[in-house]
Amino acid sequence: MKDMPLTVRRSIELLGIVLVGALLVIGNDIIMPIIMAFFISIVLLPIFRFLRRYKFPEIAAIILPILLLAIFIGLIVWFFSAQFATLVNEFPEIKKNVSSHLNSISAWISSISDFSTKEQVKFINDKSNDLLGMAGKAASGAAVTLSSVFVFMGLLPIYIYLMLFYKDILLRFIFMWFKTEHHPRVKDAIYETESIIKSYLVGLLIQVTYMTILLGGILLLVGIKHALLIGVIFAILNLIPYVGALIGNIIGVLLTLTSSTELWPVITVLLVIAGVQFLDNNILMPRIVGSKVKINALFAILGVIIGGSIAGVSGMFLALPIIAVLKIIFDRTDSFKQWGVLLGDERPSKSPMTFASFRKKKPVATKPGVEKTKEKE
């Protein structure tokens with residue numbers, strides 16, 4: 001490929017990006033469970049190695065971590081089921097609180113505009129009918145969506161088992177893909193990929209735990225209703241970079257509004273969420289995950305949006321780990337090193353427009369507060 005003209009090489013790269021994108025869009029129902037299983041199997045790999053070290057049979061050493069994962073997911077499902085059952089039992093009170101808030105909003109709108117209460121009621125009824133129509137269309141596709149979720153969850157443990165069982169075959173395939181002189185670099189990339197994925201995903205699990213305890217515990221002490229549910233929902237949604245925190249705030253506010261007729265609980269929830277998120281972003285999460293996943297904010301946001309459009313929520317969750325793995329591969333491939341630079345957050349200390357040395361594929365000095373790149377030419 002090095003003997004090809006530069007324009008041909010760049011055209012092949014861009015064509016490859018388009019083809020990979022088309023493949024993900026067309027086959028996301030098949031590809032996403034495999035990618036998810038790949039990441040989970042890497043997280044479960046230390047448990048597998050630990051059990052094998054103590055002479056567990058290979059099959060038992062694979063099945064036991066999968067069972068632990070299934071129990072963990074089952075506990076999460078049980079928690080949400082219990083919380084939603086509580087919400088259903090409190091429906092008359094929720095309806096009363098919502099009516100009170102709507103009356104307050106109606107009075108406020110009437111005081112600042114000529115929009116009468118009768119017109120407001122007509123507007124709400126019209127929009128309610130529209131929403132019911134949309135809900136009917138969504139419900140018609142709910143069976144298909146639910147069935148795809150069950151298929152996803154059913155295939156996931158099978159893929160995880162097979163990836164752990166056949167991991168040596170997969171590794172041999174990867175090494176055979178490259179020339180022998182490149183094997184040390186491939187080995188280094190595999191180790192770093194495993195390390196980054198484990199630290200990132202385990203860090204996210206720790207983040208969900210402490211954010212649930214902090215946020216749910218503080219709201220519970222303050223006296224906010226459904227405090228634990230708000231804490232768990234926000235902690236899980238916060239795993240989706242940038243977008244998840246906004247959705248979590250909205251859901252937290254809506255749950256608080258339905259459980260109280262006053263505004264102080266809403267303000268309290270927003271302030272507590274802001275405080276916990278500030279603590280998480282600036283103190284806790286950087287110490288847990290560290291700076292191993294160095295993806296700039298622009299491509300992190302683009303990755304989340306593109307992942308969501310391709311594969312929904314699972315695509316949004318997997319966007320950053322996939323980009324991180326791609327960056328590791330690009331940084332160790334001379335032909336694609338520029339893509340690794342594009343995805344990373346290592347900003348040159350000076351403009352490449354004025355310093356020709358910063359236009360080359362070699363380590364460069366970075367701006368204060370950013371470590372030097374670890375790329376090797």
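I want to check the label-to-label distance for residue 59 and residue 263. Put each point 7 Å from Cα in the C-beta direction and report it in nm to one decimal.
Calculated label separation equals 6.5 nm.
What is the fewest-to-most order of 335, 314, 351 by other Cβ atoms lying within 10 Å of their Cβ?
Ascending Cβ contact count within 10 Å gives the list 351, 335, 314.
Arranged by the count of other C-beta atoms within 10 angstrom, fewest first, what order do 84, 234, 56, 317 take? Walk me through the intermediate numbers first.
Numbers: 84 11, 234 27, 56 15, 317 23.
Fewest-to-most ranking of 84, 234, 56, 317: 84, 56, 317, 234.
Can you sort 9, 53 from fewest to most other Cβ atoms within 10 Å of each residue's own Cβ?
By the 10 Å Cβ count, ascending: 53, 9.
Cross-link list 198/327; 187/327; 167/187; 55/198: which exceed 21 angstrom alpha carbon to alpha carbon?
55/198
Write down Rg/Rh for the range 165-239, rounded to two decimals, with Rg from the C-alpha atoms and Rh from the Kirkwood relation over Cα pairs.
1.35
Can you report the principal axis dimensions of the range 199-290 using only the alpha carbons, biggest first, rounded to whole angstrom?
43, 24, 18
If each of residue 71 and residue 342 carries a label point 7 Å out from its Cα toward its Cβ, how far apart are those two points in nm?
Each label point lies 7 Å from its Cα, and together they span 4.6 nm.
Which of the peptides 63-72, 244-253 is most tightly packed, and how do the rest follow, going by the mean number of other Cβ atoms within 10 Å of each residue?
244-253, 63-72
Non-local amide H neighbours of residue 345 (under 5 Å, H modeled in plane, Pro and chain starts lacking H): which ones?
The answer is 296.
Roughly what would the spin-label model give for residue 18 and residue 96, points 7 Å off Cα along C-beta, in nm?
Result: 6.3 nm between the two label points.
Every read-out reported here was derived from the displayed coordinates using simple, explicitly stated rules and does not represent laboratory data. A quick note: this is a predicted structure, and the numbers were derived from the prediction, not measured. Reconstructed Cβ throughout: ideal geometry from the backbone, glycine too, with neighbour counts over all protein chains shown.
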